[in-house]
Structure formats: C-alpha cells, structure tokens
1. For the stretch A:95-180, what is Rg from Cα atoms divided by 2.2 N^0.38 Å, rounded to two decimals?
2. At 25 °C and 0.890 mPa s, grab the translational diffusion coefficient of the stretch B:1-87 from Stokes-Einstein with a Kirkwood Rh over Cα pairs, rounded to a whole number in µm² per second.
3. Could you work out, residue by residue across B:150-162, how many beta carbons of other chains sit within 10 Å of that residue's beta carbon, and then give the average as an integer?
4. Can you tell me what the convex hull of the Cα atoms of the stretch B:28-143 projects to on average, as an area in nm²?
5. List every residue whose amide H lies under 5 Å from the amide H of A:ALA16, counting only residues 5 or more places away in sequence or on a different chain, with H placed 1.01 Å from N in the peptide plane.
6. For chain B, return all DSSP H helices satisfying: extent of Cα atoms along own axis at least 15 Å; mean Kyte-Doolittle hydropathy at least 1.0.
7. With a sphere of radius 15 Å drawn around the Cβ of A:TYR63, what net charge do the other residues whose Cβ falls strictly inside it have (Lys, Arg +1; Asp, Glu -1)?
8. Provide a whole-number value for the mean count of partner chain Cβ atoms within 10 Å of the Cβ atoms in peptide A:32-42.
2 protein chains.
Amino acid sequence: MAIKYAILGLLSWRPASGYELRKYFSESVALYWSGNSNQVYPTLVQLHKDGLVESEVRQQGNYPPSKVYNLTPAGETALREWVVADPPVPQVRNPFLTQLAWADRLNDEELASLLGRYEREVQMKSLMQRELIRRGPEGPARTPREQLLWTMIADHDCRIYEAELRWLERLREELGKRRTA
Amino acid sequence: MAIKYAILGLLSWRPASGYELRKYFSESVALYWSGNSNQVYPTLVQLHKDGLVESEVRQQGNYPPSKVYNLTPAGETALREWVVADPPVPQVRNPFLTQLAWADRLNDEELASLLGRYEREVQMKSLMQRELIRRGPEGPARTPREQLLWTMIADHDCRIYEAELRWLERLREELGKRRTA
DNA sequence: GTTGCCATGTAAGGTGTTACATGATTTA
DNA sequence: TAAATCATGTAACACCTTACATGGCAAC
C-alpha cells in the first residue's frame, strides 16, 4: 500500500484535505495514482486511526467545511522508516508484449501496422513527459537536493519511454532483415 | 483481462490442462503472471462458457484425471482480434520513485545506501534476464519470425533494466555534482 | 438552467496475490 | 516419515478503477 506513504509524504510537505490530495494525485505524473475518492478518504481514516495524522475542520464561508490533515510526529517517523527501507524490485509488465507474443498469426503488413500504432502511442507519451520536464519539477523543492530528486523522477519516465522506442526500432530492423533474407 | 488472451495464446500453441498452464506461467518471464490457481481455473471456466475453448478429460493411470483444454475456431478468432487491436499505452509505475520522492529527509550517506541497494536489485534482475536470453527463447518457435518475436520480447525487459541502471548512474552523478558544488 | 467546482463519502467490480482444502503417488 | 508432484478448486485479502449519492454555490 504505497499510496499510504505517498499521502504521508504530501502531508509532510503541507497540510491538506482529502479533496486537495485527490486533486494533486489526479494532476501528478510522479505520484501516479488516479486520486479517486475511494482510495484517498479511507486511507486518511486509517492513517488517523493509526495516529499518523491529525485533522482539524476548516470552515470556509460559503463552501462546505473540509477536514485538513496534518502529519503527527509518529507519522513523520513512519514515513522516514518507509523511505529508508529496502526498495521493491521493479517489475516490467507491458501488456503489449503479451499481444506481440501471439502476433505471428498476422501477416507482415498487419504486424507493421500494430508496431506503428504502438510506436505512436509511446512517442506521444514521451513528448508529453518532455514537455512536463520543460515546465519544471512539480513537487516540493524545499532544498536544492529535493528539487533535483523530483527532476530526476520526471526524467526517469522519459528515459523509459525512450528505451522503449529504441527497442521498437531494433525490432523493426530485425523484422526487416528477416524479410529481405 | 489480458491473462485470458495469454491463456488463449498458449492453447493455440498446444492443448494443456489448468495445471500445465499454471506451471508454464510460474516459469515464464514473458508471460509474467504468477500462475496462481485462483486466476487460471476460473478463467478456463469462463472461456469454456464463452465457447472459446473445449475440454476433454485425460485419464492417466495413477495420477488424478485432468481436463485438457483446446482452442475452438471461435477461440482462434477471438485471439486474432485481440492481437490486431490497438495496444494499451504502457504505464511506468515504479514504487521506488515514490520512495525517492520523499527521500530528502535522508542524509547523503543514507541516500547513497538506498540507491546502492536498489541498484544491486536491478543489476541482479538484469543479469538474470541476460542469462535467460543466452539459454534461448522460451516460447513457441513455429516459424523463424515467431522465434524472433519471442527473442525480442525477452530482450525488451533486458533493455528496460539497462535503461534503469543508466538513469541511476545519472542520478548518482547529479547528486555528486551538487555535493561538491 | 445546465455545467462545473467544492467537499465528503459509498458501491460495485476488475485484477492480482498468498494460503488453504483435498487426496493419491512418488521420491528422499 | 516427511517432502514434493500431480491435479482440481475455494477463501480471504490487497489494491486500484469508474461511477454514483449528496448538496450548496458559482459561472456562462
């Protein structure tokens, strides 16, 4: 349950309501959760039960009141413990590869079309990510080092997309070689 | 539900029982599902209901009888339709990046240790993948082109791990620059 | 007057995991 | 005698998603 720590992290940056957290998640690329209410609100309740956050009600004129959450010292400790812990091994799970695994039933044109459509999607993602980086890092920049970390996090996805494109190019080459042979 | 098509694909290669499919999944890297029974058996029942597979009972001496599944023509059609369909966009979801997002609370040594432990894990994965490729492609090789596809699928994960390692190296460099500055 | 924002939440479902239940047989 | 293999399946739980319920206020 990594979103729990994503929320603790955001609250360690600045106090926020469930609604504000949801908005942040929905706009964030680095913290890639959708920000749906069914995940955020129950998680906040759980964190409160565990004594990792505390909340106070913010009354705001015409708008409905909101519960603004804050990290407790225990919350800060829990976050720190998670951050130093052994990171999980990343797993590559690209459904496209499963599709490709059974693609020998396609003829050369159909296969080329499939690869073309996939390439366009990845290229789009790659360009969008580059644009996000151009606009500057999205997260907290309380220190120069933290700003660097968030910049590199954004850069990470970019590099993965580019590796994907290079692999595709290689696949095209190999298929071409086979065809002319 | 991509595992559904992974199963259809395997059955298009050769008939198999639920048990054999599970064994294949648990050993396969390309078809990355764990192969747990709770996923395989109900999926087979569903495919049977949908008329995409048919089954016959194989009696085998001392061992318990097994249901051997086979693709129907409708199953072959469904598989083909899925294979030509627009591939989903790959999403990069590395929990380590979330951890790194809040890692500015660590001092330089703690951060270096975290990166080191992550690097070792990725390096291990990368080496294991290289070894798998050296042993030859795991999937069907009914045609030279199909063999090429499966080789490139194995190569894909390798390249992703290597991109990850290059990114890590870059992150280390940037952190070093900042430190000496 | 319909759409959209503010703000809380619930319902239902898809997808995946580990662990268990059952029961015979083979291997160490 | 303890374990692993063969073979089916269920239970419980983790995580994530879209869609809905409620209700006032703002903007076009």
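What follows is calculated from the coordinates using simple rules that are stated; it is not laboratory data. Every value quoted in this text rests on a predicted model; they were computed, and no experiment measured them. Please note: Cβ atoms are built from the backbone with ideal geometry, for glycine as well, and neighbour counts cover all protein chains shown.
1. Values: Rg = 17.4 Å, N = 86, 2.2 N^0.38 = 12.0 Å.
Cα-based Rg divided by the globular estimate yields 1.46.
2. Approximately 185 µm²/s, per Stokes-Einstein.
3. Average per residue, whole number: 5.
4. Values: hull surface 51.1 nm².
Averaging across all directions leaves 12.8 nm² for the Cα convex hull.
5. It is A:TYR69, by chain and number.
6. B:2-13
7. Numbers: positive: A:LYS23, A:ARG58, A:LYS67; negative: A:GLU20.
That sum, taken over residues with Cβ under 15 Å, equals +2.
8. That works out to 1 on average.
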